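All remarks here apply to the structure that follows.
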Amino acid sequence: MKSIKPIQDLYDDDFSHCYGCGRLNDEGHHLKTFLEGELTISKFIPKDYHIAIEGFVYGGLLASLIDCHGTGSAAIFYAKENKIELEEGNSPRFVTGKLKVDYLKPTPLGKELVITGKLIVMAKRKVKIKVRVLVDGVSTVKGEVIAILLPENFGIK
């Protein structure tokens, strides 16, 4: 299963407003997650204003990227496991149940960040993903996301 479109572009419009990955959020990061082999991949270039100290990326941005990549990865791996043929509007949507972030070394500004996700545990409604942020092939941040599948009636009043 390899989608030509990123998983975030397959979310139903009602679930596409996330600041980190929502295609309908004009101010957001618009993170895009794809399946490549056994890993998920996103790429992101921080802007100059994503600064912590001169020359380095703000840690909150890095946590946000791990969060959104983790939930997007959960959707991809869940769809693959459950043989869901992904198309626009039918992607499963996950939210963060737990986020763990470990900062390994400063992440430089001005470089492309490659974010990878690996499936660790698949359960009925929860998926655990191991995430890494790499710069020039070197891990600067690692994390784990426990993502929870939204029920179909989520948000219905």
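Listed values, structure above:
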| item | result |
| --- | --- |
| Looking only at segment 1-15, and only at residues there that are surrounded by 19 or more Cβ atoms within 10 Å (Cβ to Cβ) and touching a Lys or Arg at 6+ places or on another chain (Cβ under 7 Å), the one that is modelled with the highest pLDDT | P6 |
| Segment 86-111 residues that are acidic (D, E), paired with ones that are part of a strand (DSSP E or B) (beta carbon under 8 Å, 6 or more apart) | D102/V141; D102/K142; D102/G143 |
| Checking A52 against (1) buried (at least 18 other Cβ atoms within 10 Å of the Cβ); (2) in contact with a Phe, Trp or Tyr (Cβ under 8 Å, 6 or more places away or on another chain); (3) not β-branched (V, I, T), the condition it does not meet | (1) |
| Selection count, segment 97-144, where residues are aliphatic (A, V, I, L, M) and in contact with a helix residue (DSSP H, G or I) (Cβ under 8 Å, 6 or more places away or on another chain) | 11 |
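The values are calculated or read from the model by the stated rules, or taken from the named source; none is laboratory data. Not measured: the values here are computed from a predicted model. Because the Cβ atoms are built from the backbone with ideal geometry, glycine has one as well, and the counts that use them run over all protein chains shown.
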